[in-house]
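Okay, structure first, notes after.
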C-alpha cells in the first residue's frame, strides 16, 4: 500500500507539472506558490554508451528533466560494449534504473533474462502518440513493451565530395541504375574511383545490403528476412546481391579494388574521400558528417549527401538507433523514459548537433542545420516504410560479430562477387544456426 500510494502521488504531481489541471487560485494579494517538483529527492541512474559531444548533448536533456521534476539524474557511460557493462551489474542485482541499449536485439535478450521492466501506462501513452507501431514493436518482447527508441541514425545516405562531382560532370542519382550507369561511370571515366568502401568494418557492408534489399524486395520481405521467416537463399536476396556486385565486380569503381577496400575500416573510408581526396563517394549514415568535418570538409559545401537511390519500388530509409529501457520498476525510471519519449524531450535534444529523432511529432525546425532538418523530415515522411538496421535485429552471432556470420560472408562476397549462390548458402547456414540458439 505504501509503495502504491507513493507512485500515485508522484504520478499525479507529474501530471500537474506537465500541464494538467490548473492549480487552485491563491488568496487575493498573495504570491502564487512555487510549482511542485514531483520527483524532488529522487535519484535516478541512467547508463548509455555516449561520451564526448554526444554525452554533453544528452546531459542537456537530462538537465531539463531535472529542472522540471526535481529529480537528480546520474549518467554512467557503458563504453562501446554495453553488454559487458550491464551484464555484471544485472548479475549482481544492481542495474541502473534506466539503460540505453544500442540495438533492439538486446531488448529481447534482457527481457528473456527478466532484467527489464514493462513500461508504465504514461510511457506507453507517449509512444502511441509520437511513434509509429513499428517502433513500438521494436521495443517489445513476448507481448510486453519494454523499450522506446530515443535516438536514430539515418543509414540511407551516400555522401560525396562536391568538387569531384563538379570536375567530372557527375550528378546525384535518384535510381540505382543511374548511380551505376551514370554517376559512378562518369566519375570512373574521369579517373576518380567512385566509391571508398569500408570493407574492413563488416557492418558497413550489411548497411549497404539492407538499403538495396529494402528498396528492391520491399518492407514486407525485409521484415520476413529480418526474422528469418524466409531463407537467405530466397530469390529476393539474389537480386540484392546481384545489384551489389555491380559495384564490387568493377575494380575501377572501388578505391584500391576489393583488397584495398577490405583493408579500409570506418572512418578511414571517409578520410579517403574528404581528407586524402582519393575517391568521390562513401556509403554510410548521417554520422559521416563528424568524420568529414575532422578531415577539413564543410558540410553542405564540399561534403554533401544524397538519399540512397531507389533500387526498386521503395525509397529506402534504414535507421539505426538506441532504445531506452527500465531495469528498475520505480517512478523515477518511468518518468525519465516518459520524458525521453515525449515531444518536449525530443524538441530539446533536437537542438543539439549529432541527433535525429524517430519521434514523428518533433518538428524538423528544431534541428541546427539544413541537412539534419532534411534527414529528420525524411524519417517522418517515410512513415511505415522506415525499417531498422536488419543486422542489429538478428542474433549477434549472425548479424553483429566481427569475422562471423553476415559480416564475414559479405566481406567474402566483396572479395568474390561472382559467387552469389555460394554466398547465399553460407548466409543461410549461419542464420539458421543463430536463430535456433
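No value in this document is a laboratory result; all are computed from the given coordinates. All figures in this text were calculated on a predicted structure; none of them were measured in a lab. For neighbour counting, all protein chains shown are included, and Cβ atoms are generated from backbone atoms with ideal geometry for every residue, glycine included.
Annotations for the structure displayed:
- Between 70, 142, 354, the residue with the greatest mean-square fluctuation in the GNM of the chain (Cα pairs under 10 Å linked by springs) is 142.
- Normalising the average separation of contacting C-alpha pairs (under 8 angstrom, six or more residues apart) by the number of residues puts the relative contact order of region 303-360 at 16 percent.
- With 0.36 nm allotted per residue and the present C-alpha distance subtracted, the residue 64-residue 419 stretch has 122.4 nm of extension available.
- Global form of region 285-421, assessed from the alpha-carbon gyration tensor, a/c cut-off 1.5: oblate
- Mean separation of Cα contacts under 8 Å (6+ apart) over length of the chain, as relative contact order %: 23
- DSSP-defined beta bridges in the chain - what % are antiparallel, rounded to 5: 60
- Multiplying the residue separation of residue 121 and residue 313 by 0.36 nm and subtracting their alpha-carbon distance yields 65.3 nm.
- If you run the Gaussian network model on the chain, springs between alpha carbon atoms under 10 Å, then out of 169, 383, 249 the most flexible one is 169.
- Label-point separation, residue 91 to residue 377 (7 Å along Cα→Cβ), nm: 5.0
- Exposure proxy order (Cβ contacts within 10 Å, fewest to most) of 259, 391: 259, 391
- FRET efficiency, 1/(1 + (r/R0)^6) with R0 35 Å, evaluated for residue 40 and residue 113 via beta carbons: 0.60
- Fluctuation leader among 389, 252, 167 - the chain, Gaussian network, Cα springs under 10 angstrom: 167
- Entry note, region 75-181: relative contact order of 17 percent, from Cα contacts under 8 Å with a spacing of 6+ residues.
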